[in-house]
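Scroll down for the structure; my scribbles are underneath it.
Bear in mind these aren't lab numbers, they're just calculated from the coordinates by the rules spelled out. From a predicted model like this one, the values you see are computed outputs, not experimental measurements. So basically every Cβ, Gly included, is an ideal-geometry build from the backbone, and we count neighbours across all protein chains shown.
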Amino acid sequence: MKPVIFFDWDGTLADSMNLCVAEIRQALITMHLPDLPDDILRQCNGPTFEQSLDILHIPHDRAQEYMTTRLTAELALVPTVNRLFPGVREMLQTLREYADLCIVSNGEHDYIALCLQVFGLTDVFVRTATSVPGRTKGENLRALLDDLRPERAVMVGDRLGDIRAGQENGLPTIAACYGYGNDAEYNQASLRAESVADLTRQLTNFCRTGH
C-alpha cells in the first residue's frame, strides 16, 4: 500500500495571497463596506470564510452575503490571479509515483475544484477535503484517514492549524516554511521544509524510508 501525503492548499501548494487580498477587496466593494489595509486582508488567507468574519469586522447579519459575494469574486479571479509556487507541479508529478496525494484545505469546495481544473491537477489527487461548517481541519483529516486507512501518512502545511490537524491524528508533520506562517508555527512541526525543493526531498525520503 502506498503512503498518503496530505497537503494544505493555500500557502503550501498555491501562492494565493494576491488572490485572497483581491477577492476580499472586491467583496467589500460589492457590499459597500469600508476598505481595509492589505495587512488585515492577508490575515484571512488560511482561516475559513466563517473565521474571517471577525478579522474583517463583517456584521454577522451579513455573514452569508459576505461568504457568497467573496466566493463569487474568488472563482472569477482564480484563472488570472492564483498561481502555484514554483516547483510545485514538478514535485507533485514526482511524488505521485510513490504516494497517494490528498488535499485538506479550509478553502471552499468550488474554489479547490476550480484551482485543480485551472492548473491541470484534477487527476493528481486521489481525495480532497474542503471547508465544512462546524468542522475543524483535524476532523476533516480524520474523515479521510478513516476512509483511506493508510499504513503511513504525513501532513504538510504552512500554518499552525495544518500542523495541529496532523498532530491530532497522530501523523508526522512538515512545515512549508516558504508559505504564510512564521517560525513559531513552523517550529511546532516534526520537520521544516525551507523551499519546495527541500519539501520534495523530504517527502521522497518519507515515501521510500518512512522517515
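What does the extension gain come out to for Thr30 and Asn205, with contour length at 0.36 nm per residue minus their alpha carbon separation?
Details: separation 175, 0.36 × 175 = 63.00 nm, distance 4.77 nm.
This chain segment gains 58.2 nm when fully extended.
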Quiz item: So, in nm, how far is label Glu90 from label Ser190 when the simple model puts each one 7 Å beyond its Cα toward the Cβ?
Solution: 2.6 nm
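Compute the relative contact order of the chain as a whole-number percentage, counting only Cα pairs closer than 8 Å that sit 6 or more residues apart in sequence.
25 percent
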Self-check item: Cα centroid of segment 36-53 to Cα centroid of segment 76-100, whole Å
Solution: 23 Å
Self-check item: With at most 15 other Cβ atoms within 10 Å, longest stretch of the chain clear of loop GluC sites (Glu not before Pro) (DSSP)
Solution: 1-96
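Can you run the Rg to Rh ratio on the chain? Use alpha carbon positions and the Kirkwood inverse-distance Rh.
Details: Rg = 16.8 Å, Rh = 17.4 Å.
Over the Cα atoms of the chain, Rg/Rh equals 0.97.
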Exercise. Looking at the chain, send over the antiparallel percent of its DSSP beta bridges, to the nearest 5.
Key: 5 percent
